[in-house]
Structures are given as C-alpha cells and as structure tokens.
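Asker: One structure, pasted below without further comment.
The values are calculated or read from the model by the stated rules, or taken from the named source; none is laboratory data. Just so we're clear, the structure is a prediction, and the values are computed from it rather than from any experiment. Cβ: placed from backbone, ideal geometry, glycine included. Neighbour counts: every protein chain shown. Only protein heavy atoms, including side chains, enter the accessible area calculation; ligands, DNA and RNA are left aside. Shrake-Rupley method; radii C 1.70, N 1.55, O 1.52, S 1.80 Å.
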Amino acid sequence: MTASHLLVPVPIPDRIAALIGACTPAHILRAELDADCAAREVRRFRGPRLGIEDQADRELALSELARANKVLAAHHPRLVVRPCSAW
C-alpha cells in the first residue's frame, strides 16, 4: 500500500499529454483551462482589504470558476478545480 504523501509527481511527456487530450472532449478541455485560469484569478484577489473593484473582479472570477466546474463535475467529479488548489 502506497501513502499518497510519498508519491513524487512525474512530468507527463508532451506526446502522452496529447494522446490524453485527444481522448477528452473539447468542451471538457476548454472548461479545464477556464477553471484553471479562474482559480488563478481568485488567488490573485486575496487579502482582508480589497477595494470595491477588486471584490467585483474576485466575484466574477468565482462565478467563472463555478461555471467551468459545473461542466467538469458533470464529466467526472474529481476534475473539479478549487481556488486554493495548485490544480
């Protein structure tokens, strides 16, 4: 039995990633990219004192993340991206 905290991430070669991407529907790949970008945007707007415009931008990024996650969760629940996760 392998402990998950002992696993070392291994990079996937580009050709293998292309094969995986070819098997995944285009709208799922697009939602994955949108979710990743939105999560990065949400992390950018952290802090106790955000201005009104920054709060609005953060809410917009959260709504984009929720929209993309809805598509991803419909395909497979483990694809959901959280704002605090690396990916």
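Asker: Kindly indicate whether any position in the stretch 49-57 is touching a residue at least 12 places away in the same chain (Cβ under 8 Å) and in contact with a helix residue (DSSP H, G or I) (Cβ under 9 Å, 6 or more places away or on another chain).
Answerer: Yes, the stretch 49-57 contains a residue that is touching a residue at least 12 places away in the same chain (Cβ under 8 Å) and in contact with a helix residue (DSSP H, G or I) (Cβ under 9 Å, 6 or more places away or on another chain).
Asker: List pairs: first in the stretch 13-34 and over 19 Å from Leu65 (Cβ atoms), second modelled with pLDDT of 90 or more and open to solvent by 80 Å² or more (accessible area, probe 1.4 Å), Cβ under 9 Å, 6+ apart or cross-chain?
Answerer: Thr24/His75; Pro25/His75
Asker: Sticking with this structure for a sec: Within the stretch 14-67, can you find the residues that are over 22 Å from Cys84 (Cα atoms) and small (Gly, Ala, Ser)?
Answerer: Listed by number, the residues that qualify are Ala17, Ala18, Gly21, Ala22, Ala26.
Asker: Residues that are at negative phi, of a type in the set (A, V, I, L, M, F, W, C) and open to solvent by 100 Å² or more (accessible area, probe 1.4 Å): which helices (runs of 4 or more DSSP H) entirely in the chain hold 1 or more of them?
Answerer: Hits in the chain: 14-23, 52-75.
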